[in-house]
Amino acid sequence: MSVTKVIKRDGTSVDFDLQKIIIAIGKANAAVEGAERLDEDQVRGIAEYVQRRDKNRLLVEDIQDMVERQLQKAGKFELAKSYIIYRYRRALVRKSNTTDESILSLIRNNNKDVMEENSNKNAVMASTQRDLIAGEVSKDLTRRVILPEAVSKAHDEGVLHFHDMDYFIQPIFNCCLIDIGDMLDNGTVMNGKLIESPKSFQVACNVMTQIIASVASSQYGGQSVDVSHLGKYLRRSKEKFTKRACGALGADADPATVRKVVDERLREELKAGVQTIQYQINTLMTTNGQSPFVTLFLYLRDGDPYIEENAMIIEEIIRQRYQGIKNEVGVYVTPAFPKLVYVLDENNNLTGGKYDYLTRLAVKCSAKRMYPDYISAKKMRENYAGNVFSPMGCRSFLSPWKDKEGRYKFEGRFNQGVVSINLPQIGIIAHGDEDKFWKLFDERLQLCYDALMIRHNALLGVRSDVSPIHWQYGAIARLPKGAKIDKYLMDGYSTLSLGYIGLYEVTVAMTGKSHTTPEGQDFAVRVMQHMRDACDRWKRETGLGFALYGTPAESLCYRFARVDKERFGTIKDITDKGYYTNSYHVDVREPIDAFSKFEFESAFQKISSGGAISYVEVPNMGKNLQALESVVKFIYDHIQYAEFNTKSDYCMVCGYDGEIVINEDNEWECPQCHNKDHAKMNVTRRTCGYLGENFWNVGKTKEIKARVLHL
């Protein structure tokens with residue numbers, strides 16, 4: 001065996017080139033006196049020595065280390081010193097400018113890694129490019145200057161992933177639950193202008209969307225809003241319409257007539273207000289160059305004085321989502337945002353509850369539009385000290401936290417940032433040796449802790465002036481100008497998330513079996529619990545809100561797998577797929593029904609308390625809603641957070657709702673209008689929601705595969 005590939009510092013691979021080693025030694029040779037030099041045969045001998053190593057792939061740094069050792073072994077210490085200086089100067093050149101090509105490739109629209117990292121951003125638009133260019137500068141400074149070398153190296157080698165480097169140099173955070181109730185009730189300020197408490201439902205909807213856009217522009221993650229705060233404003237509108245109707249119809253007006261007039265006007269206001277939310281969220285552009293990454297939390301709480309109004313609001317939100325939004329050619333399509341999270345409780349769990357009709361409407365919507373996702377209030381109360389609350393934008397959850405009066409608080413809290421660990425890589429290196437595995441696991445968890453503390457420390461000392469909408473005017477707090485935000489970083493008020501990828505693959509690497517088998521499950525649970533214990537220990541030691549997070553970061557599943565395949569080669573059931581399975585999920589190739597999958601994964605959701613979601617992929621269920629309803633009933637009793645992903649494709653140009661085919665030229669093509677623009681098709685929105693570029697399978701056959709987890 002000999003070396004055929006070299007892994008460069010950016011993770012890409014190139015063919016091994018003997019001549020490059022010869023040239024590098026030659027440049028060092030020229031810088032020393034004759035007696036210290038090697039002749040051509042000796043130089044070639046060192047290069048061939050490297051080539052003969054018993055590995056297919058070598059890191060470029062490892063090659064340079066071998067050359068240094070061979071020069072010293074030959075007694076050419078001055079030459080070795082010259083080579084080290086040459087190597088150091090080359091490193092300085094690399095570090096002095098690492099962004100030129102990435103930025104220029106963005107402008108040329110061929111930086112695929114950056115352009116496809118966020119499917120919610122149109123990287124061709126100038127406004128988006130401005131944000132992405134700034135992001136490349138932030139990544140460069142973060143990796144070269146801010147992060148310790150050990151963390152930066154670990155990120156580059158796929159040991160861990162330091163999320164959101166493109167925003168890290170700014171004093172901003174990840175996701176949050178906007179305290180929309182406080183902002184609507186007590187007013188807020190945007191762009192130095194006072195926004196008073198709304199007097200009607202439609203105005204409240206408009207103010208809410210403006211708040212969302214402002215908040216989204218000053219952070220890099222998602223924003224979640226509990227729509228139950230809108231109920232009182234719908235009632236205000238009703239009271240206003242009743243007063244006007246009574247005045248117009250006179251004191252002797254028939255009460256039934258008054259109710260009819262008020263109801264018609266209220267329905268119009270309700271429809272217009274919800275349209276305001278849906279259309280503004282999808283047409284507003286934040287300063288990040290994207291639509292706001294919004295989640296609407298749909299929950300009918302027993303005891304809510306505005307529960308009837310909120311039921312009307314939820315019904316209208318789901319109706320409008322079912323209809324969709326027209327695209328540029330007038331075809332109704334599924335908008336990416338806002339995400340909808342619908343809560344199942346005793347009053348709507350399809351067992352005779354008063355609001356079962358809403359759940360049936362939600363199921364009908366899920367069958368056509370994928371959303372909403374579902375939360376079981378029953379299971380969530382078991383996992384979160386009796387509380388039910390919204391996930392943040394990226395499906396992470398806050399830990400329970402009480403204020404000084406002993407009341408639980410969730411809205412107005414946030415996540416400081418995420419670092420994810422590559423589990424399969426640990427299993428590959430340990431190669432079945434559990435002692436080696438747990439030792440290496442702990443070393444890498446420590447690296448993750450160090451990286452998370454860097455995120456925390458970067459926010460310490462930040463003052464409220466950096467984002468008044470967050471810190472001064474209610475989204476998170478109402479601090480005075482110039483005040484430090486530190487108290488909101490401490491004592492578990494906000495969270496620091498440890499993400500993880502590839503529980504299935506690490507189990508295969510260590511046991512040879514899937515984590516759905518008894519032996520594999522035992523190992524997988526121990527791995528999960530070990531991470532959870534680490535987070536709990538860090539929380540005790542620091543007082544900070546560390547949490548274990550089953551991140552749905554699909555692009556990271558590919559990055560980790562790509563890095564490991566380059567480094568370790570093709571390994572059956574691990575690196576051979578081109579992706580790692582997300583968090584604790586069952587591998588897509590395993591034959592398992594929806595009920596069994598949810599039942600199995602529910603045990604892992606409980607351990608991953610900082611965020612977890614499970615999903616099942618189903619065919620187009622538009623004509624079999626009863627089957628889908630049975631799964632929703634099962635969700636309520638068995639799993640905290642779940643979603644459906646439908647297999648139905650559709651064309652966004654003509655509205656064709658069926659299977660998109662592969663034509664003779666190996667391209668996606670709509671069989672109805674013959675549209676071939678992949679960006680205007682919904683063929684890749686399956687399970688993971690990836691909407692990026694396709695790639696060819698190994699056999700170069702017509703089986704063009706979308707780069708998604710479950711295809």
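Structure notes:
- Check on residue 299, open to solvent by less than 30 Å² (accessible area, probe 1.4 Å) and of a type in the set (Phe, Trp, Tyr): yes
- Checked against (1) closer than 22 Å to residue 420 by Cα; (2) over 19 Å from the mean Cα position of the chain (by Cα); (3) surrounded by fewer than 22 Cβ atoms within 10 Å (Cβ to Cβ), residue 564 passes all but condition (3).
- Inter-residue pairs, beta-carbon under 9 Å, first exposed (fewer than 13 other Cβ atoms within 10 Å of the Cβ) and in the range 429-440, second assigned to a loop (DSSP other than H, G, I, E, B) and not basic (Lys, Arg), 6+ apart: 432/512
- Residues that are open to solvent by 20 Å² or more (accessible area, probe 1.4 Å), without any contact (Cβ under 8 Å) to a residue 60 or more places away in the chain and farther than 25 Å from residue 212 by Cβ do occur in the range 360-381, at least one of them.
- Residue match in the range 539-554 (condition: on the phi < 0 side of the Ramachandran plot, open to solvent by 40 Å² or more (accessible area, probe 1.4 Å), in a loop (DSSP other than H, G, I, E, B) and at pLDDT below 95): no
- Criterion applied to 444, 463, 478 was being closer than 19 Å to residue 535 by Cβ and of a type in the set (Lys, Arg), and the one residue passing it is 444.
- Condition met for residue 555 (of a type in the set (S, T, N, Q), out of contact with any Lys or Arg (no Cβ under 7 Å at 6 or more places or on another chain) and within 30 Å of residue 433 (Cβ to Cβ)): no
- Residue count for the range 621-649, restricted to those that are at pLDDT below 95 and part of a loop (DSSP other than H, G, I, E, B): 7.
- Of the residues in the range 288-307, at least one is in a helix (DSSP H, G or I), over 23 Å from the mean Cα position of the chain (by Cα) and closer than 17 Å to residue 362 by Cβ.
- Test: residue in the range 270-282 that is over 27 Å from the mean Cα position of the chain (by Cα), open to solvent by less than 10 Å² (accessible area, probe 1.4 Å) and of a type in the set (A, V, I, L, M): yes
- Filter result (farther than 11 Å from residue 491 by Cβ, among the charged types (D, E, K, R) and either open to solvent by less than 50 Å² (accessible area, probe 1.4 Å) or under 24 Å from the mean Cα position of the chain (by Cα) (or both)) within the range 399-408: none
- Residue 187 fulfils the conditions (1) farther than 20 Å from residue 476 by Cβ; (2) of a type outside the set (Lys, Arg); (3) at pLDDT 95 or above; (4) surrounded by fewer than 18 Cβ atoms within 10 Å (Cβ to Cβ) except for a single criterion, (1).
- A search for C-beta distances below 6 Å between a residue of the range 29-42 that is among the polar types (S, T, N, Q) and any residue that is surrounded by 10 or more Cβ atoms within 10 Å (Cβ to Cβ), counting only pairs 6+ apart in sequence or on different chains, returns 29/37.
- Subset tally (residues that are of a type in the set (Phe, Trp, Tyr) and open to solvent by 40 Å² or more (accessible area, probe 1.4 Å)) for the range 466-503: 1
The values are calculated or read from the model by the stated rules, or taken from the named source; none is laboratory data. These numbers come from a predicted model, not from an experiment. We place every Cβ from the backbone using ideal geometry, glycine too, and count neighbours over all the protein chains shown. Protein only, heavy atoms only, side chains kept; ligands, DNA and RNA dropped before computing areas. Shrake-Rupley method; radii C 1.70, N 1.55, O 1.52, S 1.80 Å.
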